[in-house]
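K.L.:
One structure is given below, represented as structure tokens, and several questions about it will come after.
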Amino acid sequence: MKRTPSFKTLSRSILQMLLLCVALSLAVGEQANAQSLSDMKNIKVDELSDGQIRGYIQQAEARGLTESQLLALAKQQNVPAAEIAKLQRRIAALGSGGNTAKSGAATQQGQADRAVTSVPNEGGKSLSAYEKSIFGYALFQKSEMNFAPNLNVATPEDYQLGPGDELVVDLWGATQQLLRLQVSTEGTVRPENLSPVYVNGLSIAAATTKIIDRLSQINQGLKLKNGEQGKIFYQVSLGNIRTISIDVVGEVNAPARYELPALATVYTALHAAGGPNTEGTFRNIKLVRNNALIRTIDVYDYLTQGMKPNDLRLKQGDVIIVSPFTHRVEVKGEAKREGLFEMKADELFTDLLQYAGGFTSEAYKARVTINRNNATQREIQDLLQADFAAFKLQDGDEVTIGKILNRFDNRVLLEGATLRTGAFQLTPNLSLKSLIEKAGGLRGDAYLQRATIYRTNPDLSQTPIPVDLQALLKNEIDDIPLQREDVVSIPSLYDLEEEYYIEINGEVSAQGVYPYFQNMTVEDLITLAGGLKDAAALTGVEIARRNRGEPTNVAAEIITFAIDEDLQVQGEARDRTLQPFDQVFIRRSPNYQVQAQVSVEGEAVSTGTFAISRKDERISDIIQRAGGLNPYADAAGAFLIRKTEFSQARSPAQISQARLERLKAKILNPADGSLNSEAQARLKERLQALENTLDNNTGDDAQGGQLKKELLEEAAKRDSLLADIEIREEEPVAIDLEEILQAPGSKYDLIVQAGDVISIPGRMQTVRIAGEVSSPLNVRYDKAYGFKQYVQQAGGFRKSSKKVRSYVQYPNGERKGVRHFLFFTRYPRVRPGSTLFVAKKAEKQPMSAAQWLGIASTMATLALTINQLTR
């Protein structure tokens, strides 16, 4: 029964046909877009695709035109020279020269380019590890080394002309002519108006004689009788050279027939074919001409000696045969060039070593291991150095060159408290005492009571030999002869005890840990720490000393004393010296304060920065020092900006350091150039020394403020109600400046703190209405209006407004809300500059069907329960 194709099968077939049609139309369209060679006058090379360029090349090949003839045709059609140059570059970029060469001769350099573009892996292919291991394999894979003939030199004397060559005849003197004569397929050239001249197989010199003889028939000045110099001078040279066809067959990467310049050699052809493949020979490449072997090429001559003795120039019809290799061996280990090497039947191990570059500096040369295949299995042969020159290698041999042992035959080691340490030569009769003398002697910290010689046993274990160095140096005991690989260890006094240090903290320029010195005093340590700071207290200096004995319940011994301005210790502690691990504490003077400032801005008589004179100085005191308020000030709108506990406030030391930095900038870059005295130079040095002494402590409350900040952030993560809290370093504080000025020192009169800013605005004449009103806006302040009248000016309350939650925010930051009690509502007073904010009712969410169903089920359950109870 005949099956009807399904709809899915029909759809797939139709889609395939549509895709095929589209592909064919694109291919035909691209070919059609290339204009005819007879109409190239208006060509715009930059607007042509690569497919259109290929179309021109294919048309030229169909008409038997070479690349140079194609460009000449464009010139005849008056194509601009710039467009011709672009066309030539595009053709070269497409690598089209190798195709057009089949149609005839081309320029000399163009032929060289074609030799390059015929390489199958232009740019060099990525080789496998096995290919890289074959010696010489990469030679023919590099596009940079293509062995193309140099066509920019004089034509070789033995070059024989043939069909396709072009001769250039230049005549000057009594006449000016430039003739380009191409050798025809019959081997002749034909000057205009003259009979043909047969030049096939001739050299340039011989062809020149025949051509000049023929030209002299119409140019009498070329040759005169009796050997006289003619009036017409000439030069004959080779212009375009012909291409030849040669075959490269056998074990090559790309066996084929290649079109190459007539000056190409065997190496040129090998490179064009990609060189021998992994099975091909590099030592026995054959050149066959006219069915006869004429040369055998060994590429190793070039690889090892840079010579190409049999690299003959190729001729039409030559065949290059690359046979499979016959003997290949592998070299591994300590050779300068590891890999696979091809060997001839009569070559020896010394030849292989030459190909491998010789031994490395760490090679073990006395014996080489050969892994060889016999008739049934593999075997190992030891090749001794004496047999290198007579040993013949076989195909498949694996040569392994070992490495010398990583050990020393005559070494002793010295470490520790000597002037020189390290490895020393074990000379005959070398002893411990003579080794120490060889090392320059002992250091001053050498521990003389005991040194140790670690001697290596035959089983490679070590035996320690203790030595009393002091007795040895006094000749009280016999000297000890040393043996190979002995390790002599002379400890330092400091290796046997804990490293001593001492510490100073507090009001010194560079607090920290310092090395301990014998008989060190407090004055020495303070001097080492850069001296006292200005805030240092001269009394209450403490030393905390480790408890090294009784009683056991004492953690540290505390020594308290005073010092004077000359750093001299006062009292009983005058003669005390410091001990290792002591900690010295320099306290801050209790009443020491760095100047702190507050700022006044706005409508005061004198604005700016004011230093705090007392710890209990208040806002009223600062305003009084500022000269009071000017007539335009609005005292009711004044507010205070204060740093919070989260502020990164600078410590007094940091404030002092910042001022020193400003002084340093002024000294190092004086505006008037006058600060150049010796005293100023010393000041610069001192300021440079203070550059890295900045105190990182940001104040007494810094750690507390940081802890509060971390606790608040942690609480915000746990409680979503706190998530929107913003941590600020500065916040406004509402103040009543009118009350402060009327009653200085009252509870309204706050004590100022460092960094405070008292902001006094000018008189304000507007009121802002915002929130749930019909038209939020700013209106003129009117003393007769209240809260509701201002809201009416903004269009009244919206339906969504919630009046009882509304409030007024005054210019000083204070807020007052609407009060509601029973049926009475009291609105706050409105002042100039105030903002009235009308709150919004919370949006009510409609009940979902599930909620109604839950209520209904609850009511039904309740009714059923009541019914049961009433029965």
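The values are calculated or read from the model by the stated rules, or taken from the named source; none is laboratory data. Everything numeric here is computed off the predicted structure, so don't read it as measured data. In this analysis, Cβ positions are derived from the backbone assuming ideal geometry, glycine residues included, and neighbour counts consider all displayed protein chains. These accessible areas exclude ligands, DNA and RNA; they are computed on the full protein's heavy atoms, side chains included. Shrake-Rupley method; radii C 1.70, N 1.55, O 1.52, S 1.80 Å.
K.L.:
Look at the stretch 467-494 and say how many of its residues are part of a helix (DSSP H, G or I), surrounded by 14 or more Cβ atoms within 10 Å (Cβ to Cβ) and of a type outside the set (A, V, I, L, M).
P.N.:
So the count comes out to 1.
K.L.:
Hey, can you tell me all the residues within the stretch 757-804 that are farther than 28 Å from residue 731 by Cβ, among the hydrophobic types (A, V, I, L, M, F, W, C) and out of contact with any helix residue (DSSP H, G or I) (no Cβ under 9 Å at 6 or more places or on another chain)?
P.N.:
Passing the criteria: 784, 791, 794.
K.L.:
Okay, next question. Say whether the condition of being in a strand (DSSP E or B), under 22 Å from residue 148 (Cβ atoms), open to solvent by less than 40 Å² (accessible area, probe 1.4 Å) and of a type in the set (S, T, N, Q) is met by at least one residue in the stretch 259-267. Walk me through it before giving the result.
P.N.:
Here is the first cut: in the stretch 259-267, the ones in a strand (DSSP E or B) are 259-261, 265.
With under 22 Å from residue 148 (Cβ atoms) added as a condition, the list becomes 259-261, 265.
In the following step, the residues that additionally are open to solvent by less than 40 Å² (accessible area, probe 1.4 Å) were identified as 260-261, 265.
Still in the list and also of a type in the set (S, T, N, Q): 265.
Yes, that holds for at least one residue.
K.L.:
Follow-up. Picking from 759, 806, 774, which residue would you name as being surrounded by 16 or more Cβ atoms within 10 Å (Cβ to Cβ) and either more than 23 Å from residue 601 (Cα to Cα) or among the charged types (D, E, K, R) (or both)?
P.N.:
Result of the check over 759, 806, 774: 806.
K.L.:
From the list 526, 623, pick out the single residue that is out of contact with any helix residue (DSSP H, G or I) (no Cβ under 6 Å at 6 or more places or on another chain), open to solvent by less than 50 Å² (accessible area, probe 1.4 Å), under 24 Å from residue 746 (Cα atoms) and assigned to a helix (DSSP H, G or I). Before the answer, list the steps.
P.N.:
Values: 526 fails: under 24 Å from residue 746 (Cα atoms).
Being out of contact with any helix residue (DSSP H, G or I) (no Cβ under 6 Å at 6 or more places or on another chain), open to solvent by less than 50 Å² (accessible area, probe 1.4 Å), under 24 Å from residue 746 (Cα atoms) and assigned to a helix (DSSP H, G or I) holds for just one of 526, 623, which is 623.
K.L.:
Another one. Is there any pair linking a residue in the stretch 447-466 that is in contact (Cβ under 8 Å) with a residue 12 or more places away in the chain and open to solvent by 50 Å² or more (accessible area, probe 1.4 Å) to one that is of a type in the set (S, T, N, Q) and part of a strand (DSSP E or B), with Cβ under 6 Å and at least six apart or on different chains, and which?
P.N.:
454/462; 462/456; 464/452; 466/452
K.L.:
Cβ contacts < 6 Å: first residue among the hydroxyl-bearing types (Ser, Thr, Tyr), restricted to the stretch 750-765; second residue open to solvent by 60 Å² or more (accessible area, probe 1.4 Å) and assigned to a strand (DSSP E or B), any location; separation 6+ or different chain. Result?
P.N.:
759/601
K.L.:
Within the stretch 155-212, how many residues are of a type in the set (S, T, N, Q) and either open to solvent by 40 Å² or more (accessible area, probe 1.4 Å) or touching a helix residue (DSSP H, G or I) at 6+ places or on another chain (Cβ under 6 Å) (or both)?
P.N.:
The total comes to 10.
Residues checked against (1) among the β-branched types (Val, Ile, Thr); (2) assigned to a strand (DSSP E or B); (3) without any contact (Cβ under 8 Å) to a residue 40 or more places away in the chain:
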position	(1), (2), (3)
381	no, yes, yes
386	no, no, yes
400	yes, yes, no
413	no, yes, no
424	no, yes, yes
428	no, no, yes
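K.L.:
Give the stretch 284-303 a look and list any residue that's open to solvent by 10 Å² or more (accessible area, probe 1.4 Å) and under 48 Å from the mean Cα position of the chain (by Cα), or say none.
P.N.:
298, 301, 302, 303
K.L.:
Within the stretch 544-559, identify whether any single residue is in contact with a helix residue (DSSP H, G or I) (Cβ under 7 Å, 6 or more places away or on another chain), assigned to a loop (DSSP other than H, G, I, E, B) and open to solvent by less than 40 Å² (accessible area, probe 1.4 Å), and answer yes or no.
P.N.:
Checked the stretch 544-559: no residue is in contact with a helix residue (DSSP H, G or I) (Cβ under 7 Å, 6 or more places away or on another chain), assigned to a loop (DSSP other than H, G, I, E, B) and open to solvent by less than 40 Å² (accessible area, probe 1.4 Å).
K.L.:
Of all residues being under 18 Å from residue 495 (Cα atoms) and of a type in the set (Gly, Ala, Ser) in the stretch 423-446, which is most open to solvent (accessible area, probe 1.4 Å)? Just the residue, please. Before you say what the answer is, go through the steps one by one.
P.N.:
Quick first cut of the stretch 423-446, residues under 18 Å from residue 495 (Cα atoms) only: 442-446.
So of that shortlist, the ones also of a type in the set (Gly, Ala, Ser) come out as 444, 446.
Numbers: 444: 84, 446: 11 Å².
Result: 444.
K.L.:
Let me ask another. Find the residue count for the stretch 532-571, including only residues that are touching a residue at least 12 places away in the same chain (Cβ under 8 Å), farther than 16 Å from residue 582 by Cβ and β-branched (Val, Ile, Thr).
P.N.:
Result for the stretch 532-571: 1.
K.L.:
May I ask you to say which residue of 379, 362 is within 26 Å of residue 460 (Cβ to Cβ) and loosely packed, with under 14 Cβ neighbours inside 10 Å?
P.N.:
That would be 362, the only listed residue that is within 26 Å of residue 460 (Cβ to Cβ) and loosely packed, with under 14 Cβ neighbours inside 10 Å.
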